[in-house]
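The values are calculated or read from the model by the stated rules, or taken from the named source; none is laboratory data. These numbers come from a predicted model, not from an experiment. Here the Cβ positions follow ideal geometry from the backbone for every residue, glycine too, while neighbour counts run over all protein chains shown.
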Amino acid sequence: MTDDELIWRIAGGSGDGIASTSQNFAKALMRSGLDVFTHRHYPSRIRGGHTYTEVRAAPEDVTSRGDGYDFLLALGDSFARNPQEEAYYGTEEIKPLSENLDDLREGGVIVYDSGLIDADEVPNFDQRVEENNWHVFPLDLRGLAREKGREVMRNTAGVGATCAIADIPVEAIEELMEDAMPEKILEPNLEILNEAYDAVLEDYDLSGVEVSCPDGEHEEEQVLVNGSEGIAYGAFDEGCRFIAGYPMTPWTEVFTIMSKVLPDVGGISEQVEDEIAAASLAIGAAHTGVKAMSGSSGGGFALMSEPLGLAEMSETPIVLLEAARAGPSTGMPTKPEQADLEHVLYTSQGDSNRVVFAPADPAEAYDHARRAFEIAYEYQIPTIILYDQKLSGEYRNVPASHFDREPNPDIGQTLTEEQIADAPHEPGGKFQRFRHDPEDGVSPRSVPGQKDGRFLASGNEHNEAGHISEDPDNRVAQVDRRTRKLETIREDLDGNGLNVTYGPEDADYGVLAFGSMVGTVEEAVDRLNDDDESVKALAVGELAPFPEEEVREFIESVDRVMVVEMNASAQFRGLTQKHLGEYGPKLSSLLKYNGNPFEPGEVVEGFHNTVADEEPTDHQTTFVPAGGD
Amino acid sequence: MSAFSAIGEEREIDQDEYTPGIEPQPTWCPGCGDFGVLKALKGALPEAGRTPDETLTVTGIGCSGKLNSYFNSYGFHTIHGRALPVARAAKLANPGLEVIAAGGDGDGYGIGGNHFMHTARENHDFTYIVFNNEIFGLTKGQTSPTSPKGHKSKTQPHGSAKEPVRPLSLSLTAGASFVARTAAVNPNQAKELIKEAIEHDGFAHIDFLTQCPTWNKDAKQYVPYIDVNENDDYDFDPTNREEAAEMMRETENALHEGKVLTGKYYVDEDRPSYQQEKQQIGEMPEEPLAERYFDDDYDWERSADMFIDDHK
């Protein structure tokens with residue numbers, strides 16, 4: 001990243017249209033040729049409360065939120081609670097302004113709705129403005145919106161003001177509104193947009209403002225996609241036509257997308273009584289020959305533990321999603337965390353037999369979802385996509401061509417009736433669904449309704465036809481075969497490109513990350529190398545079976561490695577050490593668990609601590625030095 | 001052409017086809033009521049015209065869960081309480097299958113009670129047989145959701161302080177469109193009721209009294225039984241919800257007073273099944289979804305064609 005960027009933050013209350021306004025704004029900038037990235041922050045509340053979305057735009061490679069931001073559009077919170085003395089939440093009416101000042105960079109811009117926010121109530125406001133050389137634009141956005149249309153259109157007025165100040169052609173926004181808005185509300189919105197734009201240009205001298213939107217150009221057509229959409233489209237292109245679920249933030253986003261699209265193509269979506277049922281339905285559909293998925297977030301995924309084990313034991317191919325959020329228990333429902341790693345890897349009784357993917361961005365979300373289905377159906381094993389609140393709603397531009405791929409409805413080693421006729425059966429007539437002998441561990445299956453394919457699927461240990469068996473020889477043969485599948489999968493995944501190295505190959509130091517933190521780490525690596533440090537990163541996209549060789553090579557190639565993750569107990573470092581214990585003394589940790597994802601600057605600072613073996617940090621991050629010596 | 005030639009196959013079916021060639025003999029205790037369910041089911045399916053290859057039996061955990069170990073069809077021996085959600089999806093994915101779900105009273109009315117309520121509410125088109133022995137058998141005789149108040153066991157040494165679940169009333173209230181009770185000692189009635197349940201279009205729940213001679217010695221052997229549809233002392237119309245509710249309540253009370261009432265309690269032939277409801281609102285394909293994955297000519301939709309333009 002260079003300084004040639006704009007980070008625009010729109011703040012208000014939940015229900016004020018912050019998300020949709022920011023999405024349109026991001027899309028307009030993307031269409032203008034810029035790379036964009038959105039970061040959202042919202043409370044677990046239907047109406048009101050401190051909410052913001054940041055849109056970061058630059059000519060090239062935006063992979064993370066930035067350190068702070070430079071343009072605040074503070075709208076009123078229409079659902080703010082009445083301030084009461086002693087209330088711990090304080091005056092909510094001013095929060096869109098007051099809560100966002102700490103991160104605003106020097107020289108930044110503030111546009112606030114003077115129709116709803118009284119800046120005099122913000123402690124030390126004038127003083128802070130002066131100290132930080134902020135440019136402040138108090139505009140009666142509500143009044144303007146009310147005059148030309150409806151009060152809710154004050155977002156549009158704010159965007160119009162933004163365009164005027166940050167030098168964004170207002171036509172870019174107009175074009176988008178024309179695409180997105182129904183006729184009835186389009187006209188007043190266009191009027192409000194232009195009115196606000198003109199008013200700022202007329203009433204203010206903008207010569208001192210240095211915040212502006214850069215120019216950019218894309219080589220090919222881009223689309224704006226978030227992580228949830230990436231996963232859903234990947235599943236769709238793999239021929240997934242069955243989903244069962246129960247609402248829970250943030251997994252609901254994928255469930256919603258699939259529920260909308262599946263009926264149009266003769267698929268089935270089921271909203272059911274709980275997550276135990278949801279995962280069980282996915283198993284029932286997959287057992288019957290349909291490509292099926294389910295998913296949830298932390299607590300809901302916990303309920304899926306037992307069906308997950310059933311899928312492992314009965315070798316039923318399903319794909320589950322785990323959209324992590326801050327825990328334990330209900331935790332912080334709308335805040336990201338990567339503390340469900342161990343939960344996903346090990347939950348459910350017995351030796352776990354699953355595959356876990358961790359995409360880093362919306363494009364990877366699509367790729368990993370496709371791979372998760374391929375592996376699940378080819379190897380008759382549950383696969384899990386572990387992502388989090390951050391990735392689920394994070395928009396980035398992706399080349400449209402990324403999605404231009406052939407569908408793959410293949411259901412793996414599932415026999416046709418003709419093949420079943422020639423396949424081994426037990427003397428009693430049942431099909432040998434769970435044979436001991438396949439070298440790759442995969443014993444082809446039949447599907448109910450096929451002639452002569454009868455077998456028993458079971459959560460009990462079972463013999464070759466599926467009948468309950470506690471015979472020691474059979475037990476060992478079946479466990480070994482199921483374990484062999486993981487070895488075959490590991491070989492299959494090697495060289496798949498789902499674990500990605502970043503930065504100079506011969507770097508002295510390494511950073512290890514997974515999932516949604518990868519983009520932030522990449523930016524930190526760039527900054528460090530620009531600063532004459534020598535650093536590279538490895539993003540691990542396959543968490544189980546663990547890519548031991550790739551990670552080993554990476555760790556061996558550098559002097560030290562810092563593991564970056566959003567949790568308090570260094571689970572990813574623990575996983576790495578479980579597989580590669582001999583490198584323990586080389587691994588330090590940088591942790592963050594305050595509900596907000598890392599900023600690149602925090603990773604940069606953490607790196608300096610690693611090198612200097614120092615602990616202190618200015619941020620709410622925790623540095624854990626390497627053990628050993 | 002269907003990838004599932006067993007579905008809808010018209011032929012004579014011999015009851016013995018449902019007996020596995022290997023290990024046909026169950027491990028249930030001598031005198032166990034579960035034998036009665038097995039026998040009744042073997043009798044009912046051929047009469048309903050369904051073959052082993054088009055039948056999927058989905059069971060829970062417990063002695064009842066072993067039903068499909070001793071029954072020759074496609075089977076899924078799932079986990080405790082979860083037979084119903086697995087069965088529901090199987091039926092949605094391939095409605096041509098004859099799906100039979102089964103489990104015990106602890107399985108269906110206890111740990112899986114939530115699924116029971118919602119499956120009945122949604123009126124999925126399959127049969128659910130609950131082996132009700134008023135006790136946890138396989139784990140050696142603990143008090144179950146249907147054990148009578150005061151029932152003593154190692155886990156309730158002072159006797160249960162709880163009123164038992166009322167399975168029939170619960171089923172009716174939740175929305176089942178076919179509710180019956182039979183008993184293992186009543187093989188002909190059991191077979192007939194299961195056959196009717198199979199032929200019923202909607203969720204058909206059979207509370208099947210299965211005596212446990214090992215762990216529930218105190219309980220009645222469910223004899224003598226009275227068929228409320230046949231006996232002149234009882235006069236009610238199973239298509240009338242209010243009358244059915246009253247009859248169910250009387251039946252549930254009577255059981256704990258030593259009187260075994262059985263029969264078909266409620267049937268609603270007019271209520272559409274869940275599958276029909278879903279098709280009605282355009283949320284379920286006419287052609288079974290399971291067929292599509294075997295159809296080489298199907299033109300699979302792509303996200304690039306369907307959704308990506310909206311993101312430009």
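Please state which of the following conditions B:Ser69 fails to meet, knowing it meets all the rest: (1) under 30 Å from A:Leu303 (Cβ atoms); (2) surrounded by 24 or more Cβ atoms within 10 Å (Cβ to Cβ).
Going through the list (1) under 30 Å from A:Leu303 (Cβ atoms); (2) surrounded by 24 or more Cβ atoms within 10 Å (Cβ to Cβ), B:Ser69 breaks only (2).
Output the number of residues of segment A:217-239 satisfying the condition of being among the acidic types (Asp, Glu), part of a loop (DSSP other than H, G, I, E, B) and within 24 Å of A:Phe357 (Cα to Cα).
Counting residues in segment A:217-239 that are among the acidic types (Asp, Glu), part of a loop (DSSP other than H, G, I, E, B) and within 24 Å of A:Phe357 (Cα to Cα) gives 1.
Criterion first (outside the structural domain of A:Ile94 (by TED's automatic domain parsing), within 22 Å of A:Tyr69 (Cα to Cα) and crowded, with 17+ Cβ neighbours inside 10 Å) does A:Cys163 satisfy it?
No, not satisfied.
Which members of segment A:433-447 meet the condition of being in contact with a Ser or Thr (Cβ under 9 Å, 6 or more places away or on another chain) and crowded, with 19+ Cβ neighbours inside 10 Å? First the steps, then the outcome.
Quick first cut of segment A:433-447, residues in contact with a Ser or Thr (Cβ under 9 Å, 6 or more places away or on another chain) only: A:433-437, A:439-442, A:444-447.
Result: A:Arg433, A:Phe434, A:Gly441, A:Val442, A:Arg445, A:Ser446, A:Val447.
Mind listing just one residue for me: the one in segment A:515-552 that is under 15 Å from the mean Cα position of the chain (by Cα) and of a type in the set (Ser, Thr, Tyr) and, of those, farthest from A:Tyr346 (Cα to Cα)?
This residue is A:Thr520.
Check B:Gln221, B:Gln211 and return the single one that is buried (at least 19 other Cβ atoms within 10 Å of the Cβ) and among the polar types (S, T, N, Q).
When all the criteria are applied, what remains is B:Gln211.
If you scan segment A:87-102, which residues turn out to be in a loop (DSSP other than H, G, I, E, B) and without any contact (Cβ under 8 Å) to a residue 40 or more places away in the chain?
A:Ala87, A:Tyr88, A:Tyr89, A:Gly90, A:Thr91, A:Leu101, A:Asp102
Within segment A:503-609, which strands (runs of 3 or more DSSP E) (wholly inside it) include 1 or more residues that are closer than 23 Å to A:Ser352 by Cβ and modelled with pLDDT of 95 or more?
Because the criterion is at least 1 residues that are closer than 23 Å to A:Ser352 by Cβ and modelled with pLDDT of 95 or more, the strands (runs of 3 or more DSSP E) in segment A:503-609 that meet it are A:509-514, A:535-540, A:542-544, A:560-565.
Based on what the data block shows, is A:Pro399 outside the structural domain of A:Pro359 (by TED's automatic domain parsing) and farther than 22 Å from A:Glu542 by Cα?
no
Taking interchain pairs and intrachain pairs at least six residues apart, which have beta carbon atoms under 9 angstrom, with the first residue in segment A:584-601 and outside the structural domain of A:Val62 (by TED's automatic domain parsing) and the second of a type in the set (Phe, Trp, Tyr) and surrounded by fewer than 23 Cβ atoms within 10 Å (Cβ to Cβ)?
Matching pairs, first to second residue: A:Ser588/A:Phe623; A:Ser589/A:Phe623; A:Leu590/A:Phe623; A:Leu591/A:Phe623.
Would you mind listing the helices (runs of 4 or more DSSP H) fully within segment A:108-174 where at least 1 residues are without any contact (Cβ under 8 Å) to a residue 24 or more places away in the chain? So that I can check it myself, show each step before the final result.
On the way: elements: A:125-132, A:141-148, A:154-166.
The helices (runs of 4 or more DSSP H) meeting that bar are A:125-132, A:141-148.
Can you confirm whether segment B:115-127 contains a residue that is modelled with pLDDT of 95 or more, touching a strand residue (DSSP E or B) at 6+ places or on another chain (Cβ under 6 Å) and within 14 Å of chain A (Cβ to nearest Cβ)?
Scanning segment B:115-127, I find at least one residue that is modelled with pLDDT of 95 or more, touching a strand residue (DSSP E or B) at 6+ places or on another chain (Cβ under 6 Å) and within 14 Å of chain A (Cβ to nearest Cβ), so the answer is yes.
Can you name the condition, by its number, that B:Thr57 falls short on among (1) in a strand (DSSP E or B); (2) over 26 Å from B:Leu45 (Cα atoms)?
Only one criterion is unmet by B:Thr57, namely (2).
Identify, please: which residue in segment A:1-54 is assigned to a strand (DSSP E or B) and polar (S, T, N, Q) and is, among those, farthest from A:Val525 (Cα to Cα)?
This residue is A:Thr51.
Within 16 Å of A:Leu345 (Cα to Cα) and either of a type in the set (Gly, Ala, Ser) or not assigned by TED's automatic domain parsing to the domain that holds A:Glu464 (or both) - does that describe any residue in segment A:260-280?
There is no residue in segment A:260-280 that is within 16 Å of A:Leu345 (Cα to Cα) and either of a type in the set (Gly, Ala, Ser) or not assigned by TED's automatic domain parsing to the domain that holds A:Glu464 (or both).
Among the numbered criteria (1) more than 28 Å from B:Leu97 (Cβ to Cβ); (2) of a type in the set (D, E, K, R); (3) touching a strand residue (DSSP E or B) at 6+ places or on another chain (Cβ under 7 Å), which one does B:Arg181 miss?
(1)
Against the conditions (1) within 24 Å of A:Leu73 (Cβ to Cβ); (2) assigned to a helix (DSSP H, G or I); (3) in contact (Cβ under 8 Å) with a residue 24 or more places away in the chain, where does A:Pro214 fall short? Just the number, please.
Going through (1) within 24 Å of A:Leu73 (Cβ to Cβ); (2) assigned to a helix (DSSP H, G or I); (3) in contact (Cβ under 8 Å) with a residue 24 or more places away in the chain one by one, A:Pro214 breaks only (2).
Looking only at strands (runs of 3 or more DSSP E) that lie completely in segment A:240-313, which have at least 1 residues being within 11 Å of chain B (Cβ to nearest Cβ) and of a type in the set (Val, Ile, Thr)?
A:242-245, A:268-271
What's the total number of residues in segment B:62-87 that are within 8 Å of chain A (Cβ to nearest Cβ) and either touching a residue at least 60 places away in the same chain (Cβ under 8 Å) or over 15 Å from the mean Cα position of the chain (by Cα) (or both)?
Here the count works out to 5.
When segment A:385-424 is examined, which residues are found to be surrounded by 18 or more Cβ atoms within 10 Å (Cβ to Cβ) and of a type in the set (S, T, N, Q)?
A:Gln389, A:Ser392, A:Asn397, A:Thr414
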